[in-house]
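Scroll down for the structure; my scribbles are underneath it.
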Amino acid sequence: MKITGNIVKHFIFEILMICGGLAAISLLHTNTMALTIVMILIGALMLKFWHKKLDILFFVTAAIIGPIGEIVSIQSGVWNYSIQHVLGIPLWLPLVWGFSFLMIKRVSNTLSRIEL
């Protein structure tokens with residue numbers, strides 16, 4: 001197994017981004033505007049480092065498709081959010097979907113670079 005310092009550096013940064021996103025959601029979920037602003041900042045930071053067209057496409061696609069699935073589920077009574085702003089979902093939710101998909105892509109790309 002060959003793991004280079006570059007892979008480790010990327011992996012640690014990606015894990016820190018995930019932890020930052022989870023911490024923001026956990027701590028700020030009751031304050032919609034604060035969480036929305038923090039998620040915008042995290043998204044901007046992510047896109048500063050990962051601004052390839054495919055990264056942006058992943059983020060935007062997930063930010064659109066994920067909430068559509070949530071809205072359909074909410075409208076059919078599967079679940080609901082205690083804080084609702086637009087069509088039954090919190091304002092920050094599309095950003096979380098974009099963040100999540102992009103992080104899955106980035107971590108899987110980093111791990112795929114490990115030579116077994």
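Read-outs: derived from the displayed coordinates by stated rules, not from any lab. Computed from a predicted structure; not experimentally measured. Cβ placement follows ideal geometry from the backbone for every residue including glycine, while neighbour counts extend to all protein chains displayed.
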Neighbour count of at most 16 Cβ within 10 Å plus DSSP loop: longest trypsin sites (Lys or Arg not before Pro)-free window in the chain
53-112
When the Cα centres of region 71-116 and region 28-67 are compared, how far apart do they sit, in Å?
10
If each residue's Cβ is checked for other Cβ atoms within 10 Å, how do TRP92, TRP97, TRP50 rank with the fewest at the top?
TRP50, TRP97, TRP92
Tell me the angle of helix 5-28 to the major Cα principal axis of the chain, expressed in degrees between 0 and 90 and rounded to the nearest ten.
20
How large is ³J(HN,Hα), in whole Hz, for each residue of region 33-43 in order, when computed from phi with the Karplus curve 6.51 cos²θ - 1.76 cosθ + 1.60 and θ = phi - 60°, using x for Gly and Pro?
5, 4, 5, 4, 5, 5, 5, 5, 5, 5, x
Quick one: P(r) of the chain from all Cα-Cα pairs, 10 Å bins, percents rounded to integers, in order of increasing distance.
13, 40, 31, 12, 4
Helix-derived [θ] at 222 nm for the chain: sum -39500 (n - 2.57) over DSSP H runs of at least 4, divide by residue count, nearest 500?
-25500 deg cm²/dmol
